[in-house]
1. What do you get for Rg/Rh of the chain when both radii come from the Cα atoms and Rh is the Kirkwood radius?
2. Counting only Cα atoms, I'd like the Rg/Rh figure for region 89-164, Kirkwood definition for Rh.
3. Just from its helices, what would the mean residue ellipticity at 222 nm be for the chain, if runs of 4 or more DSSP H residues each count -39500 (n - 2.57) and the sum is divided by every residue, rounded to the nearest 500 deg cm²/dmol?
4. Determine which residues of region 52-72 fall in the zone a paramagnetic label at SER203 would reach in this model, i.e. backbone nitrogen under 17 Å from the point 7 Å along Cα→Cβ.
5. Which ³J(HN,Hα) values, rounded to whole Hz and listed in residue order, are derived for region 202-214 from phi using the Karplus coefficients 6.51, -1.76 and 1.60 in 6.51 cos²θ - 1.76 cosθ + 1.60 with θ = phi - 60°, glycine and proline given as x?
6. State the extension gain, in nm to one decimal, for the chain segment bounded by ASP28 and ASP150, taking 0.36 nm per residue of separation less the distance between their alpha-carbons.
7. Can you give the net charge of the other residues whose Cβ lies under 10 Å from the Cβ of PRO184, counting K and R as +1 and D and E as -1?
8. Using the beta-carbon distance between VAL8 and ASP124 and R0 = 41 Å, what value does 1/(1 + (r/R0)^6) give for FRET efficiency, to the nearest 0.05?
Amino acid sequence: MDSVTEIVPTLMPLGDTGVLIRFADRLDLDANAATIAFARRLESRPIPGVIEIVPNLVSVLVRCDPRRIGYEALCGELRLLDRGAQDNASLAAHAIAITYGGEDGPDIEAVANELGLTVPAFIDAHCAHRLSVLAVGFAPGFVYCGMHGDDLLVPRRETVRRSVPPGSILFAARQTAIAATAIPTGWAVIGRTHLINFDPAASPPTQLRAGDTITFEAAR
């Protein structure tokens, strides 16, 4: 994410303790990049009274202590953030090894068949390009990575698995997700990694953050 298309966000109140800064109403890579850049600038230039900053795919939730800063004052401070300023925070690059197929990836053959590929060809395609971490959330440490090309588009499954283990590699809608805790999912399960992106005893509790880049590779 070397450059970000300037997008003017919409500020929306969430009760008396929060503001949602929304850059789009659906997933868009420019809006996602703007979201991540805005959240990082806000983290690097703290506003007194702000107690939590939570970036999502196309929005940022800012929670505040209303005894220290009111809604109008907070919105004023948020609007003063220079949208054209460069974010100087370093972006980390990660290489993540995946054990594809077998018990770790029971849906990989179905996914490959739907795409008209052999399993080895699908694995090569899945590892071919560097992806961005679009967001971390939904469940503790859960990572959304994207976007794959249109040639790797498959829908979510029609049925939901009641639980997949931490480290499961999930695939759907031109995205790859990494589960960090046991969760139910309707995404296809194509493999597993030893990287568990959630340690409640660590600070911060996650290794991957929005804006980082990821390259997948087949475990040897």
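1. Taking Rh as the inverse mean 1/r over Cα pairs, Rg/Rh reads 1.01.
2. 0.97
3. -5500 deg cm²/dmol
4. Zone members listed by number: 52-53.
5. After applying 6.51 cos²θ - 1.76 cosθ + 1.60, I find 8, 9, x, x, 10, 8, 9, 9, 4, x, 5, 10, 9 Hz.
6. Gain in length upon complete extension: 42.5 nm.
7. Value of the local net charge: +2.
8. Once the sixth-power term is evaluated, E becomes 0.50.
Just so you know, all these numbers are worked out from the coordinates, no wet-lab data involved. Computed from a prediction, not measured in an experiment: that's the story for all the values here. Every residue, glycine as well, gets a Cβ built from its backbone with ideal geometry; the counts of neighbours run over all protein chains shown.
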